[in-house]
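Student: A single structure is presented below for examination.
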Amino acid sequence: MKKLITAVALAVGLVAQAHAAYPDKAVTIIVPFPPGGSTDMVARAIAPKLQQSLGQPFVIDNRAGATGAIGATAVKNAAPDGYTFMVASIGVFAVNPFIQKKLQYDPVKDLDPITVAVRAPNVLVASPGFPANTVAELVALLKKTPEKITFATSGAGSSDHLTAALFWQKTGTTGVHVPYKGGAPAITDLLAGHADVSFQNINAVIAHIKAGKLKVLAVTGDKRSPLLPQVPTLGEAGVPDVNVFSWQGIAAPKGLPAEVKQKLHAAIVAALNDPENRKRMEDIGFEIVANTPEQMAQFQAQELARWKQVIEVGKIALD
Amino acid sequence: MDLFSHLALGFSTAASAANLSYCLLGVFLGTAIGVLPGLGPVATIAMLLPVTFGLPPETALIMLAGIFYGAQYGGSTTAILVNLPGESSSVVTALDGYQMARQGRAGTALATAAIASFFAGTVCTFLIALAAPPLSEVALKFGPADYFSLMVLGLVASIVLASGSLLHALGMIILGLLLGLIGTDVNSGLPRFSFDLPELSDGINFVVVAMGVFGLGEIIANLQTEKTRSVALARITGLMPSRDDLKRIIAPILRGTALGSSLGILPGGGAMLSSFAAYSLEKKTSKNSAQFGKGAIEGVAAPEAANNAGAQASFIPMLTLGIPSNPVMALMIGALIMHGIQPGPQVMVEQPALFWGLVVSMWIGNLFLLILNLPLIGLWVKMISVPYHFLYPAILVFCGIGVFSLSNTSFDVFMMAGFGVLGYVFRKLDCEPAPMMLGFILGPMMEEYLRRAMLMSKGNAMVLVTRPISATLLAVSAVALVVVLLPALRKKREEAFKD
């Protein structure tokens, strides 16, 4: 008798579970980078809002390593049930396939895009003692003595390295690429004048620009940044087609059920547009995008095509 | 005077009831996670980051900073009691601290560590208050070539860490350098020795190696000699340092503080070197140098002072330039940004309450730590008299949790187990792991800085001797090498004659 009751109870429980509305347990947000960076910040900003609106804990799981490939592979291997999704950056979605030979995920085939969360233009900065004050002067210098001008980047194959490569390709110049382990040490050497120029995320250098410790030559967006209204875009400065944004997108394992995707998408978009979050993001130079899964897929395809070409032309492929 | 009005502002901020209690909470949490092997401040601060959004920025920062330096205190506790250095800086504390614990002087070692840390913390707080901006300007003078030469000096000093055979020490350093090669090459972005395992593409985490080689290796060795261990621990002498002990540690604390605060301001890895450097310096200059490695109290006092001074000084580049010198500082910068404050030179001007409040709170936090830790010593010391068959499984579990929390992967836990076996083998072969750890830390940094210096100079190696800082450091390294090698060679000769 007891067994029967247990069985019935179990069966009822199972049925109840099958019909329960998503989400009925904790959701994992994988961040394929260490805590504290831009991507982690986006995840940590939306998690509490999602928790409020969907009523379940949203737990952030930092799976750093291999420029995001470890975390992205973990997402690929997770069940497409909405209980695992990822906040990741341009590199994970649009660059890794061209620079890592043994990549274990495919950013298109293995991931279901949900939305582009935020984007921010990069800025072209120079150390305070660098002779060039404008983009034109920099290009002239690069044509004269390319072997003397160092471009600090946050690593071989990083988005700022690729931006530099694209800049060289569009201006017919070249410079000395000096990679660092991340943006912070690169900025340190720029401040000190050990390195000359760099493309950096706006939020990483805005304080130094405002304090006059770094020169700013241009922003890489298609329009001027509200944080730096007096600074021209690269297009305005005479270098067209280098509209580069660093962006953070949100994706789930491929095959997310439509109703779950819809619910998750709506909640994420609301969390991003939450006035408090919006202000926080905009204050540090991000622009909220919060578009549809279709728009993200289309944008990702464009980015993949663009960086593939930059990497091939610049012979950047790592192995 | 400006300084006094600033400090007064700092005190009025830091001494508010809310800030005091968050400071206490921070150092308490920090001590707790520091004591648990492997669990570090990075994971804790990352988890608490969203909680701080609701707090005013200075309160948030005061608490997070408390966790950071609290963890430094706590980390030395496990290093001394069970030979488990959870941070690179406590590797050297374990050398003599653990020996002291085995001799029944764990209480003295812990008290020495607490006193040394408090003194260093106090000095460093004043240093930040007095001279943070000019110091950060000095730090920026260090270019890639200079850092390379600094690392060379560090590597030379690491030979001193070993108390046994010189040949073994050199071998271990080279092994450490080789282990450090694993991971992605910074310049080309190509993976090296990663065997296509993505988990190895960022290299091996320091904590994985340290937990394995020191902690697990120690446990395996202890299980083999269980009986002698309990005998050795039976007689616990006084908890507090005697008058004679105090006399012996004053000078090492002063030297350690000076070294720690000067190396700590260098954002490119100076703080990491400070405890190693302080230990090597003491071992070479102390009149008790024969005792080093066998439980010399100076060998605990100097590196602990240097380690805490280095930790506090690493706030200088963070607060004045917005430059993180370690992952914890990177998180703090993240926290500031989330509060709408752009870390950089203008924080001092635009947010004086935040800047001075934090500086003063660090001193208060150090005081809390001293008050918190001294009475706890008795408790900690009792902990190691727990029967080993209860103690070691607990240590194993905590090591596992701690290592897992590094990047949430079981791969690291298995790797730690592998290093544990290796640690036992080292012990059997009489090879001390500390020089290997230093080679492992310094190798990749040395390579990175050298190659960057070469990129910038277009392959001209002369930059290493034409830059004054670099040339000086290399000259000091050369002298140090002679000082280090001469006695060892002489001893070798004597041994040879004896035979």
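Student: Which members of region B:114-151 meet the condition of being among the polar types (S, T, N, Q) and either within 23 Å of residue B:479 (Cβ to Cβ) or at pLDDT 90 or above (or both)?
Tutor: B:117, B:122, B:149
Student: Regarding residue B:88, is this residue in contact with a Pro (Cβ under 8 Å, 6 or more places away or on another chain) and either in contact (Cβ under 8 Å) with a residue 40 or more places away in the chain or within 14 Å of chain A (Cβ to nearest Cβ) (or both)?
Tutor: No; evaluated as a whole, the condition is false for this residue.
Student: Related question: Keeping to region A:186-196, report how many residues are surrounded by fewer than 23 Cβ atoms within 10 Å (Cβ to Cβ) and not in a loop (DSSP other than H, G, I, E, B).
Tutor: 1
Student: OK, next. Are there any pairs, at least 6 apart or on different chains, whose C-beta atoms fall under 9 Å, with the first in region B:186-200 and at the interface with chain A (Cβ under 7 Å from one of its Cβ atoms) and on the phi < 0 side of the Ramachandran plot and the second assigned to a loop (DSSP other than H, G, I, E, B) and of a type in the set (A, V, I, L, M, F, W, C), and if so, which?
Tutor: Pairs found: B:186/A:156; B:187/A:156; B:188/A:156; B:188/A:318; B:190/A:156; B:190/A:318; B:198/A:103.
Student: Going by the structure shown, is residue A:231 in contact (Cβ under 8 Å) with a residue 24 or more places away in the chain and away from chain B (no Cβ under 12 Å)?
Tutor: yes
Student: Then there's this: Identify the residue in region A:174-194 that is among the small types (Gly, Ala, Ser) and facing chain B (nearest Cβ under 7 Å) and, among all such residues, is farthest from residue B:140 (Cα to Cα).
Tutor: Going through the qualifying residues, I end up with A:184.
Results for (1) closer than 18 Å to residue B:312 by Cβ; (2) modelled with pLDDT of 80 or more; (3) buried (at least 22 other Cβ atoms within 10 Å of the Cβ); (4) over 16 Å from the mean Cα position of the chain (by Cα), shown as yes or no for each residue.
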position: B:9; (1), (2), (3), (4): no, yes, no, yes
position: B:14; (1), (2), (3), (4): yes, yes, yes, yes
position: B:35; (1), (2), (3), (4): no, yes, yes, no
position: B:50; (1), (2), (3), (4): no, no, no, yes
position: B:60; (1), (2), (3), (4): no, yes, yes, yes
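Student: Read through the list (1) facing another protein chain (nearest Cβ under 9 Å); (2) small (Gly, Ala, Ser); (3) part of a helix (DSSP H, G or I), then give the number of the only condition that residue A:164 fails.
Tutor: (1)
Student: Are any residues in region B:452-465 surrounded by fewer than 18 Cβ atoms within 10 Å (Cβ to Cβ), touching a residue at least 40 places away in the same chain (Cβ under 8 Å) and not in a loop (DSSP other than H, G, I, E, B), and if so, which ones?
Tutor: Scanning region B:452-465 gives a single hit, B:455.
Student: Looking at the structure I just gave you, is residue A:88 among the aliphatic types (A, V, I, L, M), within 18 Å of residue B:196 (Cα to Cα) and surrounded by 24 or more Cβ atoms within 10 Å (Cβ to Cβ)?
Tutor: no
Student: Shifting gears a bit: Go through region B:187-216 and give me each residue that's within 17 Å of residue A:69 (Cα to Cα) and touching a helix residue (DSSP H, G or I) at 6+ places or on another chain (Cβ under 9 Å).
Tutor: Within region B:187-216, B:189, B:191, B:192, B:194, B:197, B:198, B:199, B:200, B:201, B:202, B:203, B:204 meet the criteria.
Each row is one residue, and each column tells you yes or no for (1) crowded, with 20+ Cβ neighbours inside 10 Å; (2) in contact (Cβ under 8 Å) with a residue 60 or more places away in the chain.
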{"site": "B:346", "(1), (2)": "no, no"}
{"site": "B:383", "(1), (2)": "no, yes"}
{"site": "B:386", "(1), (2)": "no, no"}
{"site": "B:409", "(1), (2)": "no, yes"}
{"site": "B:416", "(1), (2)": "yes, yes"}
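Student: If residue A:276 passes every condition in (1) acidic (Asp, Glu); (2) part of a loop (DSSP other than H, G, I, E, B); (3) within 14 Å of chain B (Cβ to nearest Cβ) but one, which one does it miss?
Tutor: (2)
Student: Next question. Considering region B:311-328 alone, what residues qualify as being of a type in the set (S, T, N, Q), within 14 Å of residue B:262 (Cβ to Cβ) and within 12 Å of another protein chain (Cβ to nearest Cβ)?
Tutor: Residue satisfying the conditions is B:325 alone.
Student: Within region A:119-139, can you find the residues that are surrounded by fewer than 23 Cβ atoms within 10 Å (Cβ to Cβ) and within 19 Å of residue A:220 (Cα to Cα)?
Tutor: Those that are surrounded by fewer than 23 Cβ atoms within 10 Å (Cβ to Cβ) and within 19 Å of residue A:220 (Cα to Cα): A:119, A:126, A:127, A:132, A:133, A:134, A:135, A:136, A:137, A:139.
Student: To continue, here is another question. Here is a list: B:97, B:74, B:70. Which entry is in a helix (DSSP H, G or I), in contact with a Leu (Cβ under 9 Å, 6 or more places away or on another chain) and over 17 Å from residue B:210 (Cα atoms)?
Tutor: Every option except B:70 fails the conditions.
Student: Here's a follow-up. For region A:98-122, which residues satisfy the criterion of being within 14 Å of chain B (Cβ to nearest Cβ) and closer than 29 Å to residue B:192 by Cβ?
Tutor: A:98, A:99, A:100, A:101, A:102, A:103, A:104, A:105
Student: To continue, here is another question. Taking the criterion of being within 13 Å of chain B (Cβ to nearest Cβ), buried (at least 23 other Cβ atoms within 10 Å of the Cβ) and in a loop (DSSP other than H, G, I, E, B), would at least one residue in region A:65-73 satisfy it?
Tutor: Yes: region A:65-73 contains one or more residues that are within 13 Å of chain B (Cβ to nearest Cβ), buried (at least 23 other Cβ atoms within 10 Å of the Cβ) and in a loop (DSSP other than H, G, I, E, B).
Student: Please count how many residues of region A:91-118 are assigned to a helix (DSSP H, G or I), among the hydrophobic types (A, V, I, L, M, F, W, C) and surrounded by fewer than 24 Cβ atoms within 10 Å (Cβ to Cβ).
Tutor: 2
Student: Every residue in region A:221-241 that is within 19 Å of residue A:140 (Cα to Cα) and in contact with a Gly (Cβ under 7 Å, 6 or more places away or on another chain), please.
Tutor: A:233
Student: Shifting gears a bit: Could you list, in sequence order, the residues of region B:25-39 that are touching a Phe, Trp or Tyr at 6+ places or on another chain (Cβ under 9 Å) and part of a helix (DSSP H, G or I)?
Tutor: Within region B:25-39, B:26, B:27, B:28, B:30, B:31, B:34, B:35 meet the criteria.
Student: Looking at A:270, A:266, A:251, can you tell me which residue is more than 27 Å from residue A:180 (Cβ to Cβ), at pLDDT 90 or above and surrounded by fewer than 16 Cβ atoms within 10 Å (Cβ to Cβ)?
Tutor: Every option except A:266 fails the conditions.
Student: As an exercise: evaluate residue A:42 against (1) under 15 Å from the mean Cα position of the chain (by Cα); (2) closer than 15 Å to residue A:106 by Cβ and give the number of the one condition it does not meet.
Tutor: Only one criterion in (1) under 15 Å from the mean Cα position of the chain (by Cα); (2) closer than 15 Å to residue A:106 by Cβ is unmet by residue A:42, namely (2).
Student: Select, from A:163, A:150, the only residue that is over 15 Å from the mean Cα position of the chain (by Cα), surrounded by 19 or more Cβ atoms within 10 Å (Cβ to Cβ) and polar (S, T, N, Q).
Tutor: Criteria check complete, one pass: A:150.
Student: Taking into account only those residues within region B:240-257 that are among the aliphatic types (A, V, I, L, M) and surrounded by 18 or more Cβ atoms within 10 Å (Cβ to Cβ), which is modelled with the lowest pLDDT? Show your work before the answer.
Tutor: Filtering region B:240-257 for residues among the aliphatic types (A, V, I, L, M) gives B:240, B:246, B:249-251, B:253-254.
Filter once more, keeping what is surrounded by 18 or more Cβ atoms within 10 Å (Cβ to Cβ): B:249, B:253.
Working: B:249: 90, B:253: 94.
The residue in question is B:249.
Student: Where in region B:287-371 are there helices (runs of 4 or more DSSP H), lying wholly inside it, with at least 3 residues that are β-branched (Val, Ile, Thr)?
Tutor: Here the list reads B:327-338.
Student: Sticking with this one: Of the numbered conditions (1) in a strand (DSSP E or B); (2) more than 22 Å from residue A:236 (Cβ to Cβ); (3) away from chain B (no Cβ under 12 Å), residue A:125 fails exactly one; give the number of that condition.
Tutor: Going through the list (1) in a strand (DSSP E or B); (2) more than 22 Å from residue A:236 (Cβ to Cβ); (3) away from chain B (no Cβ under 12 Å), residue A:125 breaks only (2).
Student: Go through the residues of region B:466-473 one by one and say whether even a single one is closer than 28 Å to residue B:186 by Cα, surrounded by fewer than 16 Cβ atoms within 10 Å (Cβ to Cβ), modelled with pLDDT under 90 and out of contact with any Phe, Trp or Tyr (no Cβ under 9 Å at 6 or more places or on another chain).
Tutor: No: region B:466-473 contains no residue that is closer than 28 Å to residue B:186 by Cα, surrounded by fewer than 16 Cβ atoms within 10 Å (Cβ to Cβ), modelled with pLDDT under 90 and out of contact with any Phe, Trp or Tyr (no Cβ under 9 Å at 6 or more places or on another chain).
The values are calculated or read from the model by the stated rules, or taken from the named source; none is laboratory data. Note that the coordinates shown come from a computational prediction; the quantities given were computed from them, not determined experimentally. Ideal geometry is used to build each Cβ from the backbone, glycine not excepted, and the neighbour counts take in all protein chains shown.
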